[in-house]
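Remarks on the structure that follows.
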Amino acid sequence: MATPLAATPAESGAAESAAARTALGTAEQLALFRTMVEIRRVEEGLVRAHQNGLVHGACHTYVGQEAIAAGVCAHLRPSDVVFSTHRGHGHALAKGVAAQEIAAELFGRETGCSHGRGGSMHLFKPEVGMMGTSGIVGPCILLAAGAGYSFRLQRTDNVAVAFFGDGASNNGAFHEGINMASVWDLPVLFVCENNQYATEVPYHTVSRNPDVAAKAAAYGLPSVIVDGNDILAVHAAAGEAVRRARGGGGPTLLECKTYRTRAHSEGMRDAGYRTAEEVNAWKERCPIKRFRSHLLEAASASSAELDQVEREVDALVANALAFAKDSPWPDPAMVTQHVYRSEGRAGGSVG
Amino acid sequence: MGEMTFVAAAREDLDEEMARDPSVFVMGQGIGARGGNFNTTMGLFEKYGPERLRDVPIAERGFVGMCTGAAATGTRPVVDFMFVDFILDAMGELINQTAKLQYMSSGRLTMPIVLRGCYGIGRASATHHSGAYYPIFVHLPGFRVAVPTTPADAKGLLKTAIRLEDPVLFLEHKSLLNTKGSVPEGEHLVPFGEAWVARRGTHLTAVAIGSMVPRTLEVAGRLAAEEVSVEVIDPRTLAPLDIDTILESVHRTGRLLIVDETYAPCGIGAEIAAQVVDRSFDDLDAPIRRLNGLHTPIPYSPPLEAAVVPTTEAIAQAIRDLLAE
Ligand SMILES: Cc1ncc(C[n+]2csc(CCOP(=O)(O)OP(=O)(O)O)c2C)c(N)n1
Ligand SMILES: [Mg+2]
């Protein structure tokens, strides 16, 4: 295939990550490590469950992109909100949705975070600010901007975050949303995870400009490009953007250059649009592997400590999957519940 | 009770609700200092300022998506589309997000959003500024649909719409905006799903919607001189629909005519007719008759425009035909 090699993360973000490497304490770094490992291991479990027929329908994994959800959500409070995409397991986990509720949701069970109404692409847990993953590419950008509008009217210092892909950046929702958020100084962080493909369509074939971040200039808001596989770089850039939004300084567009190393969706043929060499090169840049090496090199943690984190996460994931499998199915008698909040009039047979 | 126009009544209500609840805000084009193309927000900008009367860019999809996000996070947007035709640019957001978020979140997110716009024929506004579209919203789960026809109902239904936790399409017919009527002051709430029997009668039930209500009332008044007694029902909300009031009326009259300016296929008339047949077939002494707008885009030239919706003559003829059955 004549596809030029996708931009490598080494091309950007070096300065930010260098500054960040000194800023974080050990506990915070271990927490970031744990979040990434949890996302990875939960998804590995979900992939197996999908292969065994326990997860139904589509299942888009986040493998390779974990540093982004972990690095951004570390700055958020439960009252801050996240609007996510079809590739949203990582966002939900990082925002504080329990692994067992996510697993149960993908298994279609009553105990799932959306009570079985949603599945992989509709994970909801407003109690912790997880406002939904989505089956439609684009709207999360507008919904987050609207949440920012609410927060302004309510005089709170909450912030709203939209996660979305490079594909979404060509959608009208992106352009309309960042324009309005910018002109009204809304407390929103727009996080574009540029994994360089929208399903099988390479970004360079659908955008003359390879940088999504460059598009912010047209709308007058600040933007940053970071190495999305470098957790410390993501964490530092997101921290600055969240502080700006909270302090009334308006929105930021954060572009994280990254890569998904599994198929677009589980069970999809992952061939014909990218080479094995390219995928393998990016597997080498695995954000978890890289952070583990960094923590060891910097003597921030011992390998025993990191192994311990991994063992704890494995136990949590095993429990989550068992919980999901043992959970009851939802009751079909309740299938029309929650279409409306207010009562339709008795006898009214439409609506 | 004050005498006021339809548009002034709705505006008085919006003013009262904005004064009562600081989370209510309006987004639309020209609804700020200008007061709205149809004067829907006249005088409110001076009281509530630009944050709550937000003039927006021409990005219907964008501001509908934003208002949906706002409604999901504790505020109460009123989207003023000016001409409701412009809502079509936002249909993906409305159907996939606005109407579904409550369901997808198992009721933990609510969606208190009002989608208001002026609709319908009668002002030579031509094809892109004359549509109605409400049957589409009735078809879809998640929306409430209100079509007030009097100033009192404009106020009372808008008040209910703003206070509901569900998305409401609130439609104001352009030909009714300047009609006058008495309007209760202050707390006047008209519940959704309660039809208004606009005229009592015994020979035939005419269910009329929107602009067809005054038109059908005019015909009914004229036919009274010929000893023809027509009951006229204005459903006021189409979702929920008060089918009981219609069934009760048909039980007494045995004849049903449905007059609607929108299209016949998959329309409100088809839905009402099907429900009446399902539930009260034995009450019917004649086939149900529908009068609809012709199945065509709305043309510009006044005689062409007048030809696409049911006229008073057509309504009178349909009533005579049905009584002869
Ligand atoms: C509006 C819309 N069009 C098409 C699709 C089908 N679709 C699902 S994911 C996807 C690619 C999205 O690419 P990107 O935004 O880069 O996210 P990624 O999958 O790479 O994480 C497409 C086209 C959709 N879900 N929504
Ligand atoms: Mg992509």
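Can you pull out every residue in the stretch B:85-102 that is in contact with a His (Cβ under 8 Å, 6 or more places away or on another chain) and more than 7 Å from every other protein chain (Cβ to nearest Cβ)?
Correct list: B:D85 only.
Go through (1) within 14 Å of chain A (Cβ to nearest Cβ); (2) open to solvent by less than 10 Å² (accessible area, probe 1.4 Å); (3) in contact with a strand residue (DSSP E or B) (Cβ under 7 Å, 6 or more places away or on another chain) and name the single condition B:S105 misses.
Every condition holds for B:S105 apart from (3).
If B:M82 meets every condition in (1) of a type in the set (A, V, I, L, M); (2) away from every other protein chain (no Cβ under 14 Å); (3) surrounded by fewer than 23 Cβ atoms within 10 Å (Cβ to Cβ); (4) outside any strand (DSSP E or B) apart from one, which number is that one?
It fails just one condition, (4).
Criterion first (at the interface with chain A (Cβ under 7 Å from one of its Cβ atoms) and among the polar types (S, T, N, Q)) does B:T73 satisfy it?
The answer is yes for B:T73.
Tell me the strands (runs of 3 or more DSSP E) entirely within the stretch B:114-232 that contain at least 1 residues that are in contact with a Phe, Trp or Tyr (Cβ under 8 Å, 6 or more places away or on another chain) and within 14 Å of another protein chain (Cβ to nearest Cβ).
Counting at least 1 such residues, we get B:114-119, B:144-146, B:168-173.
Hey, A:V137 hits all of (1) more than 12 Å from ligand 2 (Cβ to nearest atom); (2) over 17 Å from A:V72 (Cα atoms) but one; which does it fall short on?
Only one criterion in (1) more than 12 Å from ligand 2 (Cβ to nearest atom); (2) over 17 Å from A:V72 (Cα atoms) is unmet by A:V137, namely (1).
Collect the residues in the stretch A:159-210 that are open to solvent by 10 Å² or more (accessible area, probe 1.4 Å) and aliphatic (A, V, I, L, M), keeping them in residue-number order.
A:V183, A:A198, A:V201, A:V206
Of all residues in the stretch B:272-325, how many are of a type in the set (D, E, K, R), in contact with a His (Cβ under 7 Å, 6 or more places away or on another chain) and open to solvent by 50 Å² or more (accessible area, probe 1.4 Å)?
The number of residues fulfilling the criteria is 0.
A:P330 passes all but one of (1) over 21 Å from A:G165 (Cβ atoms); (2) assigned to a helix (DSSP H, G or I); (3) open to solvent by 10 Å² or more (accessible area, probe 1.4 Å); which number fails?
It fails just one condition, (2).
Any residue at all in the stretch B:285-295 that is among the polar types (S, T, N, Q), closer than 30 Å to A:R341 by Cα and touching a Phe, Trp or Tyr at 6+ places or on another chain (Cβ under 9 Å)?
No - not one qualifying residue is present in the stretch B:285-295.
Check whether at least one residue in the stretch A:132-150 is under 28 Å from B:V24 (Cα atoms), more than 10 Å from every other protein chain (Cβ to nearest Cβ) and surrounded by 22 or more Cβ atoms within 10 Å (Cβ to Cβ), and report yes or no.
Scanning the stretch A:132-150 turns up no residue that is under 28 Å from B:V24 (Cα atoms), more than 10 Å from every other protein chain (Cβ to nearest Cβ) and surrounded by 22 or more Cβ atoms within 10 Å (Cβ to Cβ).
Would you check which residues across the stretch B:35-62 are under 22 Å from the mean Cα position of the chain (by Cα) and at the interface with chain A (Cβ under 10 Å from one of its Cβ atoms) and list them?
Within the stretch B:35-62, the subset under 22 Å from the mean Cα position of the chain (by Cα) is B:35-42, B:60-61.
Answer for the stretch B:35-62, where residues must be under 22 Å from the mean Cα position of the chain (by Cα) and at the interface with chain A (Cβ under 10 Å from one of its Cβ atoms): B:E60, B:R61.
Restricting to the stretch B:177-218, count the residues that are at negative phi and buried (at least 24 other Cβ atoms within 10 Å of the Cβ).
12
Which residue pairs have Cβ atoms under 9 Å apart, sit 6 or more places apart or on different chains, and have a first residue in the stretch A:258-269 that is under 11 Å from A:E200 (Cα atoms) and modelled with pLDDT under 95 and a second that is open to solvent by less than 20 Å² (accessible area, probe 1.4 Å) and within 11 Å of ligand 1 (Cβ to nearest atom)?
As it stands, the answer is A:R269/A:A263, since those pairs meet every condition given.
The values are calculated or read from the model by the stated rules, or taken from the named source; none is laboratory data. Not measured: the values here are computed from a predicted model. Ideal geometry is used to build each Cβ from the backbone, glycine not excepted, and the neighbour counts take in all protein chains shown. Heavy atoms of the whole protein, side chains included, go into the accessibility calculation; ligands, DNA and RNA do not. Shrake-Rupley method; radii C 1.70, N 1.55, O 1.52, S 1.80 Å.
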